[in-house]
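Report on the following structure.
The values are calculated or read from the model by the stated rules, or taken from the named source; none is laboratory data. Worth saying up front: this structure is predicted, and the values here are computed from it rather than measured. All Cβ positions, even for glycine, are placed from backbone atoms using ideal geometry, and neighbour counts span all protein chains on display.
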Amino acid sequence: MVAQHVCNGVIRVLVIEDNRADVRLIRLALGDAGMPCDLHVIENGADAISLVHRIAQEQSAPQPHVVLLDLNLPQGDGIDVLRAMRQSQKLRDVPIAVLTSSGLPSDRSTVLGLGATCFIRKPSRVDQIADVAQTVRELWRSVS
């Protein structure tokens, strides 16, 4: 089963996030954690949903091992992206960590109800970003 989820020992992480500073922090955290990652970044909801459809239609389209998804995106929102992923035969079991600045309990219950694997409040301090890397590692291990 591990061979399905690991491509040459590299974890494919799809980051759906429009804030480039947050993407840089995520990249740093994963690098500092010593995790060999192939990060693919999408900056808006429309492009993310297009990718979901492309993966669903193309046999050879690479699937992410883990997804980090922001809720507040331009051109669509994270809820729509989450729904599309969970409706896709190929992506329905991929772990999705919603990584958002929202602390609203209603957002948390909504995304978990729609099938997100976990809900993570974006760290307010740089030193807390290591927790995101740890979550990626745990999610990847849960499916490998």
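Does segment 16-48 hold any residues that are crowded, with 19+ Cβ neighbours inside 10 Å, more than 16 Å from P123 (Cα to Cα) and at pLDDT 95 or above, and which are they?
I16, I42, G45, A48 - these are the residues of segment 16-48 that are crowded, with 19+ Cβ neighbours inside 10 Å, more than 16 Å from P123 (Cα to Cα) and at pLDDT 95 or above.
I'd like the residue in segment 68-93 that is under 11 Å from the mean Cα position of the chain (by Cα) and in a helix (DSSP H, G or I) and, out of all such residues, is nearest to L112 (Cα to Cα).
Selected residue: L82.
Test of understanding: among G76, G45, which residue is farther than 17 Å from S101 by Cβ and out of contact with any strand residue (DSSP E or B) (no Cβ under 7 Å at 6 or more places or on another chain)?
Only one candidate qualifies: G76.
Could you list all residues from segment 94-144 that are in a loop (DSSP other than H, G, I, E, B), surrounded by 14 or more Cβ atoms within 10 Å (Cβ to Cβ) and either at pLDDT 95 or above or aliphatic (A, V, I, L, M) (or both)?
Within segment 94-144, V94, P95, L114, G115, A116, T117 meet the criteria.
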